[in-house]
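Enquirer: Got a structure for you, written out below as structure tokens; questions coming shortly.
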Amino acid sequence: MNDTVRTELQGGVELPKIGLGTYRLNGESGARAIDAAIGASYRLIDSAFNYDNEGAVGQAVRNTEVPREELIITSKLAGRYHAYDQARDSIEESLFRLGLDQIDLYLIHWPLPKVDKYVEAWEALVNAQQRGIVRWIGVSNFLPEHIERLEKETGVLPAVNQLQLHPYFPDTEAVEYNASRGIITEAWSPLGRGRELLDEPVIKDIATRLEATPAQVVLAWHMARGVVPIPKSSSLERQVSNFEAQNLELTSEEVAAITSLGINGHRVLDIEPATHEEF
Ligand SMILES: NC(=O)c1ccc[n+]([C@@H]2O[C@H](COP(=O)([O-])OP(=O)(O)OC[C@H]3O[C@@H](n4cnc5c(N)ncnc54)[C@H](OP(=O)(O)O)[C@@H]3O)[C@@H](O)[C@H]2O)c1
């Protein structure tokens, strides 16, 4: 089994099969939790300007004994900064807050189609990549039509599209579209925020067969679909257990059974990328 997920876009991008979400990991305790996760072998760390925790992520990067070049630090451009000059400044502010010389992966957080400035924002990300302050660039919550427009107007495809995905919202079409363009899909809220999803009988039955936890089964389902989940946990025990999900092998029938939970499923947050306004 491969240990990484790759795309040839942007000269080649390679991500671990699972990363760490950091929403609500802030301040001292947040930095400690992120540091612990790095100690537990996480190498892909998610963050965003809007989580107000780029400082905590930077602190964890400085604290750890893991060499900087092994870590893939992600941040995201907030919706209020899509205008080109503001996007450029905001990327630089992310660097200052992180205290790093380079951000490994920088994403546009939401497309905000009604504002209609995401192409400008993308041009600022392309420029940041050319200047070397960002290594790889991508998007989040982008629909195929938004990605097609980026390609048409700038000629540069995102290496990553981070989407809300979990068994209640498997969005197989979006995953297949991204794969067809060579774009790596990351899953946000991969555990459906750890609520009723983990009590679903189909997931619990597979967990019993594999002597695993329901959360591990859900994370293994993402990885079986070629998707990179970024579960958040403040607890070292759950971080370790989530990370070990990459050792589980589901059968294709099990993957299909979990995907079928999405037939009557729903997004955990009722937000549509086509209309959502988040600044
Ligand atoms: N791009 C976007 O628009 C967007 C939007 C939302 C989130 N994100 C990113 O995606 C990351 C993950 O999404 P998320 O934080 O919304 O949800 P999530 O990772 O699906 O769920 C996190 C919740 O599940 C709990 N949990 C973690 N591991 C568990 C386990 N093994 N068993 C039971 N419960 C467990 C956590 O509690 P404990 O901490 O107590 O373990 C937390 O309450 C975020 O942190 C953020 O980095 C991106």
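Enquirer: Please state the equivalent ellipsoid semi-axes for the chain: what are the square roots of 5 times the Cα gyration tensor eigenvalues, largest first, in whole Å?
Expert: 29, 22, 16
Enquirer: Restricting to DSSP loop positions (anything but H, G, I, E, B) with no more than 16 other Cβ atoms inside 10 Å of their own Cβ, which trypsin sites (Lys or Arg not before Pro) remain in the stretch 134-194?
Expert: Counting only loop positions with at most 16 other Cβ atoms within 10 Å, the trypsin sites (Lys or Arg not before Pro) in the stretch 134-194 are Arg181.
Enquirer: Within the chain, what whole-number % of the accessible surface is contributed by carbon and sulfur, with the 1.4 Å probe and all protein chains included in the calculation?
Expert: Here carbon and sulfur together make up 47 percent of the probe-accessible area.
Enquirer: Further question: Remind me, relative contact order of the stretch 10-163 in percent, using alpha carbon pairs under 8 angstrom and six or more residues apart?
Expert: 19
Enquirer: From Cα coordinates alone, what are the radius of gyration and Dmax values for the stretch 160-206 in angstrom?
Expert: 12.3, 35
Enquirer: Among Val217, Ser90, Gly79, pick out the residue whose Cα is farthest towards the positive end of the charge dipole of the chain, where Lys and Arg carry +1 and Asp and Glu carry -1 on C-beta, about the Cα centre.
Expert: It is Ser90.
Enquirer: Once the stretch 1-106 is represented by equal point scatterers at the alpha-carbon sites, with solvent omitted, what log10 I(q)/I(0) does the Debye formula produce at q = 0.10, 0.14, 0.16, 0.18 Å⁻¹?
Expert: Here the Debye-derived log intensity ratios amount to -0.28, -0.55, -0.71, -0.88.
Enquirer: Using a 1.4 angstrom probe, figure out how much accessible area the stretch 1-85 has per residue, in square angstrom, rounded to the nearest whole.
Expert: Result: 43 Å² of accessible area for each residue.
Enquirer: Considering only the chain, what is the antiparallel percent among its DSSP beta bridges, to the nearest 5? Each step should come with its number before you reach the end.
Expert: Numbers: 5 of 27 bridges.
DSSP beta bridges in the chain are roughly 20 percent antiparallel.
Enquirer: Sticking with this one: Show me the ranking of peptides 248-257, 27-36, 163-172 by mean Cβ neighbours inside 10 Å, starting with the highest.
Expert: 163-172, 27-36, 248-257
Enquirer: Could you tell me the relative contact order of the chain? Use alpha-carbon pairs under 8 Å, at least six residues apart, and round to a whole percent.
Expert: 20
Enquirer: So if I place +1 on the C-beta of Lys and Arg and -1 on the C-beta of Asp and Glu, and nothing else carries charge, what would the dipole magnitude of the stretch 103-236 be about its Cα centre? I want it in debye, nearest 20.
Expert: On the way: 13 positive and 17 negative charges, 65 e Å.
With only Lys, Arg, Asp and Glu charged at Cβ, the dipole is about 320 debye.
Enquirer: Rolling a 1.4 angstrom probe over the protein heavy atoms, how many square angstrom per residue are accessible across the stretch 181-279?
Expert: 48
Enquirer: If you don't mind, another one. In terms of the ratio Rg/(2.2 N^0.38 Å) built on C-alpha atoms, what value belongs to the stretch 110-225?
Expert: 1.28
The values are calculated or read from the model by the stated rules, or taken from the named source; none is laboratory data. Just so we're clear, the structure is a prediction, and the values are computed from it rather than from any experiment. A quick note on method: Cβ atoms are made from the backbone with ideal geometry, for glycine too, and the neighbour counts reach across all protein chains shown. Calculation scope for accessible area: heavy atoms of the full protein, side chains included, ligands and nucleic acids excluded. Shrake-Rupley method; radii C 1.70, N 1.55, O 1.52, S 1.80 Å.
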